[in-house]
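The values are calculated or read from the model by the stated rules, or taken from the named source; none is laboratory data. These numbers come from a predicted model, not from an experiment. So basically every Cβ, Gly included, is an ideal-geometry build from the backbone, and we count neighbours across all protein chains shown. Keep in mind that these areas ignore ligands, DNA and RNA; they rest on the heavy atoms of the full protein, side chains included. Shrake-Rupley method; radii C 1.70, N 1.55, O 1.52, S 1.80 Å.
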Amino acid sequence: MTVVRLGSRGSRLALKQAALAAELLAAPVAIVPITTAGDRDRRSPFGAIGDRGVFVKELEEALLEGRIDVAVHSAKDMTSTDTAGLAVGAYLPRDDPRDALCGADSLRPRMRIGTASPRRRAQLLMLEPSLSIEPLRGNIDTRLRKRGERGLDAVVLAACGLDRIGLAAEIGLRFDPEELLPEAGQGALALQVRAGDEDVVGAVDDPETRRRVEAERACVAAVGGGCLAPVAAHHDGATLTGLVADEDGRWLERRSGDDPVALGEELARLASS
C-alpha cells in the first residue's frame, strides 16, 4: 500500500494534529515536518512577515511541488479562498471553536492581556475598554511561559489547541461566541490536497464541519479582510454570524444571515462607511 506523506508544521500542537489525522486515514502515513514563515519569525507582527497565510504557504508549496500528498492545517490559519491547484479534501470533526482566557477566570478592569490577534484585541477592548492588550506571539507553550515572565494577567488562546495537547487545565474561561466571535475555521482541522486528489482523504471528511467552515470562509472572503484584519465569522449550526471591528475597539459591527457572501458584503459596507 502506498505511503501517504502528511505535511505538518513542526510545533508540538501541529504534530499532534497531524497524528490525529493519521489515525483516521486508512493508509500508511509518514509525517513530514515543514517550517513555515510564521514558525521562523516568532517576534514580528504577522503583517511584517507576509500578507496572509504565514503558517500555510510553505506547506502549500510542498503540495504543489509533489513533496507531500496531504497538508494538515488548522483551518483558521488558511486564507479565505483556496490556492489555485489545491483543495480541501476533508475537514475533520470540529473541536471547541471558542477562545480561551488563561491565567484568570474573568475579565477585570485594567488587566494586562497578551494576544497578537487583531480580532481578539478589538473584541476584548469592546468588552472592557480599560484593558491593556499587549502583543504576544509564539507557540502555546511559549505564550503560557511569557505570561509569567512578562507579568501579564492573562493570555487568550484557541481552546481547541490547549485541549489537544492536554493543557485544558490552563483555561480559566472559555468565551461564549456572543462575547468573542471566533476566527473563521477555528477548532477545525483541514486536510489539503492537490486538486483532483480529494479521494486520498475524502473518506474522513465531516460534512457538517465542512458546511459550517466553508460558510465562515466565504463570509470572510466577501469582506476582504483575511487574518490581518479584525474580521470574524462563526457558524453555530443554526446561524452564521460575522463581525468587523476597529482594532482599538472604537466600533464593532456584528450581523447574522443565511447567505455568506451577502453577509460578508454587508459587513464590508459597514466597515467602509
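Couple of notes before you dig in:
- Accessible surface of the chain, 1.4 Å probe, proportion on carbon and sulfur as whole %: 49 percent
- Contact order relative to length of the chain, as percent, for alpha carbon pairs under 8 angstrom and 6 or more apart: 22 percent
- Ranked packing of 210-217, 183-190, 153-160, most packed first, by mean Cβ within 10 Å: 183-190, 153-160, 210-217
- Two-decimal Rg/Rh across the stretch 82-126, once Rg and the Kirkwood Rh are taken from alpha-carbon atoms: 1.16
- Inter-label distance, Ser130 to Glu253: 3.1 nm, where each label sits 7 Å from its Cα along the C-beta direction.
- Annotation: extensible slack from Ala27 through Arg150 equals 39.7 nm (criterion: 0.36 nm per residue apart, minus Cα-Cα distance).
- Anisotropy class of the stretch 26-174 from Cα gyration tensor, a/c 1.5 cut: prolate
- Taking every C-alpha pair closer than 8 Å and separated by at least 6 residues, the mean separation divided by the residue count of the stretch 113-230 gives a relative contact order of 29 percent.
- As a ratio to 2.2 N^0.38 Å, the alpha-carbon radius of gyration computed for the stretch 114-198 takes the value 1.26.
- FRET efficiency estimate (nearest 0.05) - Cβ-Cβ, Thr81 to Ala37, R0 22 angstrom: 0.70
- Ellipsoid equivalent to the stretch 179-263 - semi-axes via the Cα gyration tensor, in Å: 26, 13, 11
- Computed Rg/Rh of the stretch 172-220, alpha carbon atoms with Kirkwood Rh: 1.08
- Counting only alpha carbon atoms, the long axis of helix 12-24 and the longest principal axis of the chain meet at about 40°.
- Rounded to 10°, Cα long-axis angle of helix 140-149 versus longest principal axis of the chain: 30 degrees
- Pairwise FRET efficiency - Ala168 versus Ala203, Cβ, R0 = 41 Å, nearest 0.05: 0.90
- Per-peptide packing, taken as the mean over residues of other Cβ atoms within 10 Å, places 169-179, 54-64, 71-81 in the sequence 71-81, 54-64, 169-179 from highest down.
- In the distance distribution for the stretch 46-123, Cα-Cα pairs more than 16 Å apart total 64 percent.
- Accessible area per residue, Å², the chain with all protein chains present, probe 1.4 Å: 43 Å²
- Computed [θ] at 222 nm, deg cm²/dmol, the chain (DSSP H ≥ 4; -39,500 (n - 2.57); rounded to nearest 500): -9000 deg cm²/dmol
- Cα-Cα P(r), the chain, percent of pairs per 5 Å interval: 1, 6, 13, 17, 19, 18, 13, 8, 4, 1, 0, 0
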